[in-house]
Structure formats: C-alpha cells, structure tokens
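Here the structure is laid out as structure tokens; the discussion comes afterwards.
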Amino acid sequence: MRVLFITSNRLGDAVLSTGLLDHLVRSLPEARFTIVCGTIAAPLFRAVPRLDHVIPLVKRRYSAHWLALWRHCIGTPWSLIVDLRNSVVSRLLVARRKVVTSRPDETCHRVVHLARLLGLTEVPAPRLWFAESDRQAAAALIPDGPPVLALGPAANWRGKIWRADRFAAVARHLIGPEGPLSGARVAVLAAAGERSDAQPVLEAIDPARRLDLIGAADPLVIGACLARCALFIGNDSGLMHSAAAVGIPTLGLFGPSRPEHYAPWGEQSAAITTALSYQQLVTAPGYNHRTTGTLMDSLDVDTVIRAAETLWTRTRTAIATEQEHRT
C-alpha cells in the first residue's frame, strides 16, 4: 500500500499537518509513505515510520516543479493521495482514493479542519518523530543540567515579532529568584537568517545561563531540542508549533495573526493576544504585511509574565494529578 502525502511549504503548516499524517501511520499499518513538502520543512519527516521518500518541492518557473513531481510519481500505484496543497498533481495521478483539501474552514482551527478532511471525530494532535541521532544531536546542544526556558523571538514577517527587550524582560523574571523557573537556563532559537531578530535577546541573558541555538540545526533536531526544554514562549511561528507538537508547555504570542486558526495545539499550550484586536491591526491605515514594523506593542511584559506563570502552574498541576492517579 502506497500513500502520497502532499503538505505545506511553510514550516508551521507542515507541523500542523503531522497529526493527520500520524493518524494515517497508525491506522494503515501496512502503508508506505511518500511525503512532499517545502525544502525548509523536509527534515521534519525523515524519521516518519515506513517512509519511502521525502520529496522537497523546489519552486520553479511556470509551475515546472509540479510537472517534475508528476513525473516522479506517475509510475507508482497509489492507494491513497492526501493533497493539502490542492495541486494539479493529485488530479493527474491515479489512486484508489484521493483526499484533496478545499479552502481552509475559517470557523475552526487548522488542525480541526485537517481532521475533518478524513471525517475524523477525534482530532489527531501534531507530533514529530525522532531518530536516535536526532536525540543525541539535541543532547549535545542542550546538555543535561538545570531546566531550560526556550524563547522563539523571530517570525516569518516583522508584524508578528514582539520586541527583543520584552522577551528578555520576561526571561529574566521567570528564571530569577522569584520566578517559577528560578535558576533555569535560557535557549534562544531561530533560523540562521533570523539572527538579527534573535541576537538582542540572546545578548540580554547572562552568558552563563544562555544557550545559543540560532541556526544551530535543522528543524527536526531543533524539535528534539525543544523536547528537552521546560517551557516555550514565542511569536506565532513554525517553531511555536514544533514546541507544542513535542508536548512541552507552549505560550504563543499573537497580534496580526489569528489564534482561533493558528494557536499552538494541545492541552499543554496557550495563546495570548495583543490588546489591539486582529481586525484593528490589519485594517489600520498603511497596513502592509510586507513592509510594516511590529504590530505587537500593545502586548506588555506583565501580561506575558502572568500568562506564562498561569500556563506553568496549570501544566505542573495536571502532571502532578496524572502521576497521583497512576500511583
């Protein structure tokens, strides 16, 4: 049985699709998988069980990348094609069953929308698969020691980026003598090309307690690093979704993007928004997501600290309760 799974170019959307993929892996135990995605997201899938191929889709002129994909796939007898890109390829290939996404349902979270494509009543949570080599690489980047607060101060466009000095202020409080993570280390994570956004946060942390993970590894190893952390706080980004997917407490910061669609998924997660609403931000005079500066300034430090402390207390209480029930 062969399954072709076509997912997003973007890291965050690719992570959100992993719940649907996990459902297929578990419900089709004899299936072999070929996964098509963007080049940035491709490493996320290399440890998927029963994987035949990961095909990074490199965009070409005149949509020639889709033609190249069709040529690669035409000779395979597909049992199932799941196309989350609504691409022409899924229409031209033969398969016993095809599931092709329509426009996203604006009434629900993207993870719920994906579950509905297969008619699932229980929504499968996003997850990441790791090889032992990924875990070893993560252990080298985050050695055993005090707990780690992970910060994701970058995003794919500037309007979503909370200011560096505010991230630093939150971190100093949370790891300070009165904070819930007193004595913790701080890992600052971002892609290599996002160093200008993340470096000021890194430099504001005591050198003895900071971990520079900016551009340190590919997205799957970074996911394994996040799994070694105690708490994540970051802008709406693929990194935020990766943190939620590995199951650590995750606080997402939102302003000119919509948490009802893209909040970090799961009981261990929470989202907090700017005082100014999404509509107020994106309909303001002169708004242009390509050129505007940060739109996150109406989210203050104290509000984020309170949200982080609430999330920490809630998740610690849930873990303690679960452990009590097990004993």
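The values are calculated or read from the model by the stated rules, or taken from the named source; none is laboratory data. All values derive from a computational prediction rather than experimental measurement. We place every Cβ from the backbone using ideal geometry, glycine too, and count neighbours over all the protein chains shown.
Summary of values
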| item | result |
| --- | --- |
| Odd one out for Gly223, checked against (1) assigned to a loop (DSSP other than H, G, I, E, B); (2) touching a residue at least 24 places away in the same chain (Cβ under 8 Å) | (1) |
| Residue in the stretch 14-37 that is nearest to the chain's Cα centre (by Cα), counting only those that are more than 20 Å from Pro104 (Cα to Cα) and of a type in the set (S, T, N, Q) | Thr34 |
| Selection within the stretch 185-217 - assigned to a loop (DSSP other than H, G, I, E, B) and within 20 Å of Trp157 (Cα to Cα) | Ala191, Gly215 |
| Matching residues, the stretch 192-215, being crowded, with 20+ Cβ neighbours inside 10 Å and under 18 Å from Gly176 (Cβ atoms) | Val201, Leu202, Ile205, Leu211 |
| Exclusive hit being surrounded by 24 or more Cβ atoms within 10 Å (Cβ to Cβ), at pLDDT 95 or above and of a type in the set (Ser, Thr, Tyr), set Ser277, Ser298, Ser269, Ser242 | Ser242 |
| Qualifying residue in the stretch 299-318 (condition: within 13 Å of the chain's Cα centre (by Cα) and without any contact (Cβ under 8 Å) to a residue 60 or more places away in the chain) | no |
| Considering residues of the stretch 158-178 that are buried (at least 16 other Cβ atoms within 10 Å of the Cβ) and not in a helix (DSSP H, G or I) only, the residue nearest to the chain's Cα centre (by Cα) | Ile161 |
| Residue check, Arg306 surrounded by fewer than 17 Cβ atoms within 10 Å (Cβ to Cβ), under 24 Å from Gly179 (Cα atoms) and among the basic types (Lys, Arg) | yes |
| Flag for Thr107 being farther than 22 Å from Thr250 by Cα, touching an Asp or Glu at 6+ places or on another chain (Cβ under 9 Å) and surrounded by 15 or more Cβ atoms within 10 Å (Cβ to Cβ) | no |
| Selection count where residues are free of Cβ contacts under 8 Å to residues at least 60 places away in the same chain and within 21 Å of Val221 (Cα to Cα), scope the stretch 253-267 | 1 |
| Selection count where residues are in contact (Cβ under 8 Å) with a residue 60 or more places away in the chain, touching a Pro at 6+ places or on another chain (Cβ under 8 Å) and not charged (D, E, K, R), scope the stretch 199-220 | 2 |
| Only one of Leu181, Leu120, Leu128 that is among the hydrophobic types (A, V, I, L, M, F, W, C), in a loop (DSSP other than H, G, I, E, B), touching a residue at least 12 places away in the same chain (Cβ under 8 Å) and surrounded by fewer than 16 Cβ atoms within 10 Å (Cβ to Cβ) | Leu120 |
| Enumeration of residues in the stretch 270-293 that are in contact (Cβ under 8 Å) with a residue 40 or more places away in the chain and either closer than 30 Å to Ser182 by Cβ or assigned to a strand (DSSP E or B) (or both) | Ala270 |
